[in-house]
Amino acid sequence: MENRPESPRLVAVDMDGTFLRSDNTYNQDRFVGILKRMKEQNAKFVVASGNQYYQLRDFFLDIEDEIAFVAENGAFVKDGKERIFAADMPHSTVEQVIDLCRKYPQINTILCGVNSAYCQKGTVSQAFFDFASLYYHRLAWVDDLKAVDDQILKFALEVPEERTMEFYTLLCQNLEGLVEPTASGHGCIDLIIPGCHKASGLERLCKRWQIDPQDLAAFGDSGNDIEMLQYCGQSYAMANADDRVKQTARFLCASNDEDGVLEILDQLYPKKQ
């Protein structure tokens with residue numbers, strides 16, 4: 001194990017399985033203290049997740065304007081109150097993805113836009129919609145996904161967990177060049193615009209703030225964190241991370257349920273004696 005580096009100028013954290021405990025909580029008082037010490041050193045904090053911005057924001061309601069967000073796997077980037085970037089998936093691609101997904105009833109499809117996310121009536125259950133609402137705080141029913149009038153960021157699919165790789169391969173083969181499938185665990189597969197991932201979102205912020213990627217620390221646990229961990233100088237895999245993530249990261253930290261991120265941040269930004 002390498003010696004831990006100096007305090008980075010930017011910290012990026014995945015949420016589910018990384019920053020958040022399994023019960024979707026984190027130690028808010030401890031984090032607020034860390035964030036204060038980070039700001040004193042002019043260090044930035046970025047939430048980097050596949051989830052919707054409106055859901056991520058609600059975890060940081062009192063301090064949302066003090067941090068940045070790389071949401072929707074890099075398709076939506078916000079620095080405090082200012083929106084920096086929003087992807088725009090071509091309408092022809094959107095239609096081709098919808099046509100493919102409609103051939104497989106096992107796929108639950110969410111269309112993710114700038115203003116909201118959408119589920120089509122009759123294609124997913126009310127139970128799925130209610131569950132998805134935990135991760136998409138703006139989620140609406142529509143009669144036809146093809147008729148949605150919004151700027152589309154990505155697709156979020158749920159497939160039977162034991163068939164994740166089967167559907168991942170099918171999507172790669174049928175949608176090559178149009179979208180890039182990325183798996184985030186538990187049967188969840190996002191379809192993103194090629195080259196639009198967490199690392200691309202962080203790159204936009206690094207350029208904005210004139211921060212070298214070597215001065216960036218990132219924490220992750222699953223496949224959609226790989227590019228982000230490869231991009232930054234200090235990469236941390238959670239103890240509960242996928243094996244590929246552990247192989248990619250330079251460092252290993254305690255699990256999400258042991259507050260592994262906060263443990264490392266307390267070391268990188270220690271309290272004054």
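What the table below lists for this structure:
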{"item": "Condition met for SER92 (farther than 30 Å from ASP143 by Cβ, open to solvent by 10 Å² or more (accessible area, probe 1.4 Å) and either in a loop (DSSP other than H, G, I, E, B) or small (Gly, Ala, Ser) (or both))", "result": "no"}
{"item": "Count - residues of the range 200-221 that are buried (at least 24 other Cβ atoms within 10 Å of the Cβ) and either touching a Leu at 6+ places or on another chain (Cβ under 9 Å) or outside any helix (DSSP H, G or I) (or both)", "result": "7"}
{"item": "Residue selected from the range 41-53 under the condition open to solvent by 50 Å² or more (accessible area, probe 1.4 Å) and outside any strand (DSSP E or B), by the criterion farthest from PHE85 (Cα to Cα)", "result": "GLN41"}
{"item": "Members of the range 13-35 found to be open to solvent by less than 10 Å² (accessible area, probe 1.4 Å) and over 16 Å from GLN55 (Cβ atoms), listed by number", "result": "PHE31, ILE34, LEU35"}
{"item": "Pairs where the first residue, in the range 251-265, is surrounded by fewer than 19 Cβ atoms within 10 Å (Cβ to Cβ) and the second is among the aromatic types (Phe, Trp, Tyr) and not in a helix (DSSP H, G or I), C-beta under 6 Å, 6+ apart", "result": "PHE251/TYR236"}
{"item": "The range 139-169, residues that are touching a helix residue (DSSP H, G or I) at 6+ places or on another chain (Cβ under 9 Å), open to solvent by 20 Å² or more (accessible area, probe 1.4 Å), outside any strand (DSSP E or B) and touching a residue at least 40 places away in the same chain (Cβ under 8 Å)", "result": "LYS146, PRO160"}
{"item": "Top-ranked residue of the range 54-64 - restricted to ones that are in contact with a helix residue (DSSP H, G or I) (Cβ under 7 Å, 6 or more places away or on another chain) and closer than 24 Å to GLY185 by Cα, ranked as least open to solvent (accessible area, probe 1.4 Å)", "result": "LEU56"}
{"item": "Of the criteria (1) closer than 27 Å to LEU175 by Cβ; (2) surrounded by 23 or more Cβ atoms within 10 Å (Cβ to Cβ), which one LEU10 fails", "result": "(1)"}
{"item": "Only listed residue being within 15 Å of the chain's Cα centre (by Cα) and more than 22 Å from PHE45 (Cα to Cα), chosen from ILE226, ILE189", "result": "ILE189"}
{"item": "Residues located in the range 114-160, provided they are hydroxyl-bearing (Ser, Thr, Tyr) and out of contact with any Lys or Arg (no Cβ under 7 Å at 6 or more places or on another chain)", "result": "TYR118, THR123, SER125, SER133, TYR135, TYR136"}
{"item": "Among the candidates GLN120, GLN96, GLN52, GLN106, residue that is under 30 Å from GLN210 (Cβ atoms) and touching a residue at least 12 places away in the same chain (Cβ under 8 Å)", "result": "GLN52"}
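The values are calculated or read from the model by the stated rules, or taken from the named source; none is laboratory data. A quick note: this is a predicted structure, and the numbers were derived from the prediction, not measured. In this analysis, Cβ positions are derived from the backbone assuming ideal geometry, glycine residues included, and neighbour counts consider all displayed protein chains. For accessibility, only protein heavy atoms count, side chains too; no ligands or nucleic acids. Shrake-Rupley method; radii C 1.70, N 1.55, O 1.52, S 1.80 Å.
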